[in-house]
Each structure stands twice: as structure tokens, then as C-alpha cells.
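Written below as C-alpha cells is the structure these notes are about.
Every number in this text was worked out from the coordinates using simple rules, so none of it is lab data. The structure presented is a predicted model; accordingly, all values stated were derived computationally and were not measured. No Cβ is skipped: glycine too gets one built from the backbone with ideal geometry, and neighbour counts run over all protein chains shown.
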Number of protein chains: 2
Amino acid sequence: MNDVICTVDVILLTIKDGALHVALLKRDRDPYKDVLALPGGFVHVREDADAQAAALRVLKEKTGIDAPYLGQLATFSGPVRDPRGWSMSIAHYALVSHDVIAGAGHPDVALRSVDQLMNLPFDHQAIIDTAVARLRSKSQYSSLPCYLAGDTFTLPQLQRIYEALMGEPLNKVSFRRKMTEMGMLEAVEGQMEVGGAHRPAQLYRLKPALRAQLALLSRGL
Amino acid sequence: MNDVICTVDVILLTIKDGALHVALLKRDRDPYKDVLALPGGFVHVREDADAQAAALRVLKEKTGIDAPYLGQLATFSGPVRDPRGWSMSIAHYALVSHDVIAGAGHPDVALRSVDQLMNLPFDHQAIIDTAVARLRSKSQYSSLPCYLAGDTFTLPQLQRIYEALMGEPLNKVSFRRKMTEMGMLEAVEGQMEVGGAHRPAQLYRLKPALRAQLALLSRGL
């Protein structure tokens, strides 16, 4: 209508080896053919109910992954970010456990540490930087990091994820109090994780009502 | 390119009579001709450097106002929000003191309390609700409300604005400590506000470096 190229890009984030990683894919066409980039694609006006539906569709098509939580990050736009013309990308971020990416088994998905990215095409570096900053900031006062923890997890596992995102150690007692205050977790009855030198630890999961909606803390961690 | 109608809308917010108001304009064309709506317009690919530039241009053209602070809110999209077809609006919010709107003197700008809106076209009610929620949430840990206070203000005036946004009284001592912690204000030398039964109060303004960029609190108010 007004000659704007309308696309969506997905920043799919996960924790691997204790560090935040982003999923990249080799582009299958020009511009930047064969270069690692965020999974993205055009909005399909005959098919997509909105930009979020477009992002979920593109993610599924390109990586085989259904994201339980996908949020809008921001829209990046202008005449120079894409060599094809004035474009906008409505960027969305999704968080999954590493199991989900491994389970999808897509041979072309490459995980890269968000702190060691190089030579990304378009403005994908700026998009990823914005997503990481948003995630780190929201980690202080929401259940967002839980989506990185998988279906079930122990409290020490969850604390390590919060610590990886916030870049600092958290006090165990205060962390457990804040998790209780958010009221987002439920114990998985009878399920304990056994292993190592420690006594068995209770497994938890997100309450069903919070699997697609964030819980918030009125004051940060 | 892919038949998406690309527009920007601006949620221009101000405090009037102690309550948060939004600026609306009668639409000058169909759809919804003569109905009060957010100021908005198409992205102009030959003119606009990005969506934010488009929002600043549209706001200036439609209301005569230059907004010192304008931030991206979110992008609203889909096939049903605009009767003309699959559309997206990259919504931006701007905050100004009531003086700025009065000073621009645009005869068609109508200020409405955000809590008493009715019969808005498109999805403008949802866009405004999202903007108000964002502003109220960000007020807890940022300098954002200062943009509503005008060029200079006393600390009691600023506290009343924070209270209007957060919907609760704030402790005076704790409020002053948080403002000091944010390090965003400077005293205007020699300028005191005189009036009423109180002794003269020091006037403050935002530090120049923060007039277009937010200061943040690591922990909320």
C-alpha cells in the first residue's frame, strides 16, 4: 500500500552451558544468502491474524519450534536496514529450554552465545542487543526466566538461570521468598530430582495459568 | 510490497486538573470522518527516516507540537483493526506539560481524561490502555513523569504528578531520596516559586542530558 516491506523476526533465546544463547539460521536466499541471521519472513496478509501470529508461523516453519511464550520486542524500521527498500521488522522474542531446541532437531539451527556474535546481517545485532537488554531487565521483576527452565525444574536450577540473566549471584533465601511472592510455581507432586551429593530436591513447574502470561513482582529481586 | 497499510499513531499524554489526559483530534477523512481519534497517519517512505520520525512528523503536522520525548509503545496489527485492509500501527507515546498543548493553540485538539474515553475508532481504546499501563508501570522506576511537569517545577509539584500516575500517595522523604538517587534533576539557580501560605520552594529542571533519554532507578519507588 505504501511500499513498506513488512517482516517479522524472532529472537529465540535459550540457556546453554550456563550462558544465554540465540538461535540463528543460514539465510536461504538473497540478500545475505548463506549468512547466519535471525529466523524471519514476510507478513502474509491472507494468512496471519496479526504480527504475533506471523512470528509464530515463521518460527515454526523455519525451526520446527512452537514457542509457548513469545512477546513483541519492538519494531525496527527505515530505508537502510534492508537493501531491498524501506522496511520494518516487528521483532518478537521467544524463550525455550535447550531441550526444546535439541528436540526439534533442526539441522540448520545454530546456537550462538549472545555475548560473542559477529557479522550479523541487516540490523540483527541491534535487534538481539535490544532483546537481551529487555530480558535482563524483565528478569528482575517477572517470571520470564522460567520459560528458559523447561517443564520442570528445581529451585536451585531456576536460581542459576536468574543469576545467568542478571549477571550476579542472588541470595538463596531472598530468591525463594521472591518466587513465593510471585505465586507462579507449583510443586510437582511426588517428583524429586535425585543426583550428586545432595539430598533429593523438589521439582516445580509454572502454574498452568502462567504458561503464556507473565507473573510480575511489584518490587524487583 | 506485501499490501500492508503502514501507519503511526501518537498517544500524546498530559496532566490536566491533576488527572492524566490524552489528546484526540477529529478525523478529517473516512473511515470514521469527524470522529475523535488519536493523531495518526501513513508512513511516508520517501520522507521518514524510521517509524519514530514518522510519528514526530505526524504529531507536528496534526497538532503543531514538537515532543521532546517520544517513545515506541508497540505495534498493533491485523486484518480487522482498519476497514481498509490488513494494517499495522506503530504506536508511539509522547509526554508534555499542559502548557505545551495550550501554547500550540491548535483549535481541534481535544483533551480527554484517559479514564473516561468512549467510542474511539479502530483499536485506539486498546492502544491508549496499553500506553497508560506502560506509563504507570514505568513511573515506578524512571524519570518518565518529569516530561509531564514542564520546564521547571518544584519537588511537591513533581511528587503530585508521580502520585497521579501511580494512583497512591508517596512518602515525601522517600520520594526525595529516590529523586536524588536517580540524579536527574538540577536546581535552577536563584529561582524560587513564591505563593500561597508556604515558604518559597526551589525550582528544579531535568538535567540537559536527560531531556530526551530516561533516567532509571534500579529499584522502584
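Simple spin-label estimate for A:E168 and B:D115 gives 3.6 nm between the two label positions (7 Å along the Cα-to-Cβ direction from each Cα).
Using alpha-carbon positions, what is the distance between the centroids of the range B:8-77 and the range A:136-164, in Å? Answer, in whole Å: 38. The rotation axis taking chain A to chain B passes closest to the C-beta of one chain A residue; that residue and the distance in whole Å read A:T75, 2.
Please identify the trypsin sites (Lys or Arg not before Pro) of the range A:1-110 that satisfy two criteria: DSSP loop assignment and at most 14 other Cβ atoms within 10 Å. Which are they?
Sites meeting the loop and neighbour criteria: A:R29, A:K33, A:R46, A:R84.
For A:K16, nonlocal amide neighbours, meaning residues 5 or more places apart or on other chains whose placed amide H falls under 5 Å from its own, are A:H21.
Would you please give the FRET efficiency between B:A19 and A:R46, computed as 1/(1 + (r/R0)^6) with r the Cβ-Cβ distance and R0 = 51 Å, to the nearest 0.05? Efficiency for this residue pair is about 0.70.
Ascending distances from the A:A104 label point to its copies in the other chains, with the point 7 Å along the Cα-to-beta-carbon line: 4.3 nm.
Bridge orientation summary for chain B: considering DSSP beta bridges with both residues in this region, about 75 percent are antiparallel. The count of lysine pairs in chain B whose Cα atoms are under 25 Å apart, excluding pairs fewer than 8 places apart on the same chain, comes to 17.
Sorting the Cα pairs of the protein assembly as shown by distance into bins of 20 Å, from 0 upward, gives 22, 52, 24, 2 percent per bin. Within the range A:5-138, the percentage of alpha carbon pairs spaced more than 25 angstrom apart rounds to 18%.
Position A:D28: other-copy label points at 4.7 nm, ordered by increasing distance, label point 7 Å along Cα→C-beta. Inter-copy label distances at B:Q191, using a point 7 Å along Cα-to-Cβ, come to 6.1 nm with the shortest given first.
Hey, what angle do you get for helix A:51-63 against the long axis of chain A, alpha-carbon based, 0 to 90 degrees rounded to 10? The two axes meet at around 80 degrees.
Across the options A:G150, A:V173, A:Q72, the greatest Cα extent toward the positive end of the charge dipole of the range A:53-183 (unit charges at beta carbon of Lys, Arg, Asp, Glu) belongs to A:V173. Note on chain B: with charges restricted to the Cβ of Lys and Arg (+1) and Asp and Glu (-1), its dipole about the Cα centre is near 540 debye.
When the Cα gyration tensor is reduced to axis lengths a ≥ b ≥ c, the ratio a/c is 1.5 or higher for the range A:142-210, and with a/b not above b/c it is classed as oblate.
Taking the Cβ-Cβ separation of A:E61 and B:Q191 as r and a Förster radius of 60 Å, what is the calculated FRET efficiency to the nearest 0.05? In this case the efficiency is close to 0.50. Calculated mean residue ellipticity at 222 nm for the protein assembly as shown: -8000 deg cm²/dmol, from DSSP H runs with n ≥ 4 weighted as -39500 (n - 2.57), summed, divided by the residue count and rounded to 500. By its C-alpha gyration tensor, with a ≥ b ≥ c as the square roots of the eigenvalues, how is the range B:66-221 shaped: rounded for a/c under 1.5, else prolate for a/b larger than b/c, else oblate? The shape class here is prolate.
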